[in-house]
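K.L.:
Below is one structure. I have some questions about it.
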Amino acid sequence: MARTMSLASLRTPEISMTSLTQSPPSILENYQEIADITGEMLSAAKAGDWDLAMVHGQQYCERVERLRQTEQKAPLDEATRAMKYDLLVRILENDALTRDLAIPQLARLGELLGRMKRQQTLLSAYGYQQAPEE
């Protein structure tokens, strides 16, 4: 019994024109995305939402690494170079302001950890045994 193929099964899948013309994000789009992320990271730090600031910090690191791998070495025209410079300044300012907010928090956490360590040392010195948790 011979199998016949229909014309529909021989068709190639349709490809939209947008999928053919899509290109990777431009250098400025990458820098703009990083600037937006650092702005969100700064806003989270100002609000004291350190978990969200950490999420944005991870995104920031991932985008920078992606940019490092894809950045073109070709020279930029004057207008693009000026826009890139402005975005870099914004990124660095956001990063510095976020760090300024984070440093006191890190110092506070270090102090708390130091206290906990001293308490554990004292407790073990006096033979205190903590009951096993169930």
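K.L.:
Among 80, 38, 98, which is the only one that is touching a Phe, Trp or Tyr at 6+ places or on another chain (Cβ under 8 Å), modelled with pLDDT of 85 or more and among the hydroxyl-bearing types (Ser, Thr, Tyr)?
P.N.:
The unique qualifying residue is 38.
K.L.:
Spot the failing condition for residue 112; the list is (1) in contact (Cβ under 8 Å) with a residue 12 or more places away in the chain; (2) more than 30 Å from residue 63 (Cβ to Cβ), and only one is missed.
P.N.:
With respect to (1) in contact (Cβ under 8 Å) with a residue 12 or more places away in the chain; (2) more than 30 Å from residue 63 (Cβ to Cβ), residue 112 is out only on (1).
K.L.:
Every residue in region 49-66 that is among the charged types (D, E, K, R) and part of a helix (DSSP H, G or I), please.
P.N.:
Within region 49-66, 51, 62, 63, 65, 66 qualify.
K.L.:
Quick one: in region 82-108, which of the residues that are more than 20 Å from residue 48 (Cβ to Cβ) and touching a residue at least 12 places away in the same chain (Cβ under 8 Å) is surrounded by the fewest Cβ atoms within 10 Å (Cβ to Cβ)?
P.N.:
Result: 88.
The values are calculated or read from the model by the stated rules, or taken from the named source; none is laboratory data. Nothing here was measured: the structure is a model prediction, and the numbers come from that model. Here the Cβ is made from the backbone with ideal geometry for all residues, glycine too, and neighbour counts use every protein chain on show.
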